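These notes concern the structure reproduced below.
The values are calculated or read from the model by the stated rules, or taken from the named source; none is laboratory data. Being a predicted model, the structure only gives us computed values, none of them experimental. Quick reminder, even Gly has a Cβ in these numbers, built from the backbone with ideal geometry, and neighbours come from all protein chains shown. Ligands, DNA and RNA are excluded from the accessible area calculation, which covers all protein heavy atoms including side chains. Shrake-Rupley method; radii C 1.70, N 1.55, O 1.52, S 1.80 Å.
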Amino acid sequence: MLEKQFNPEMLYNRVVHFYIDKKGYSKDKANEIAQAVVQKEAQRRICKNKNCKHFSHDHIRNSETCLVEDCECGEFTK
């Protein structure tokens, strides 16, 4: 099973609107928080294998095998 591709723009917009609309934060503060959230989420989805560094959506979730043709990564390292 493949994971959905990470869309940082959609996440960024959702976080900004949440903090502005629901929490009443200023636009600048909401943008700052959204940038931090997107960076953290992107890092979480990158394989920690130093030879791989591909996103989790480039791996098969069940076997954690990398789908990139010339990659030697045997499994997704968290």
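Details
- Residues that are under 12 Å from the mean Cα position of the chain (by Cα) and either modelled with pLDDT of 70 or more or open to solvent by 60 Å² or more (accessible area, probe 1.4 Å) (or both), drawn from the stretch 44-69: 44, 45, 46, 47, 55
- Extreme residue, farthest from residue 73 (Cα to Cα), among residues of the stretch 1-52 that are of a type in the set (Asp, Glu) and out of contact with any helix residue (DSSP H, G or I) (no Cβ under 7 Å at 6 or more places or on another chain): 21
- Cβ-Cβ under 6 Å pairs, at least 6 apart or on other chains, the stretch 36-52 side closer than 14 Å to residue 16 by Cβ, far side open to solvent by less than 100 Å² (accessible area, probe 1.4 Å): 37/15; 38/8; 38/11; 38/12
- Qualifying position, being modelled with pLDDT of 75 or more and exposed (fewer than 12 other Cβ atoms within 10 Å of the Cβ), among 72, 32, 41, 9: 9
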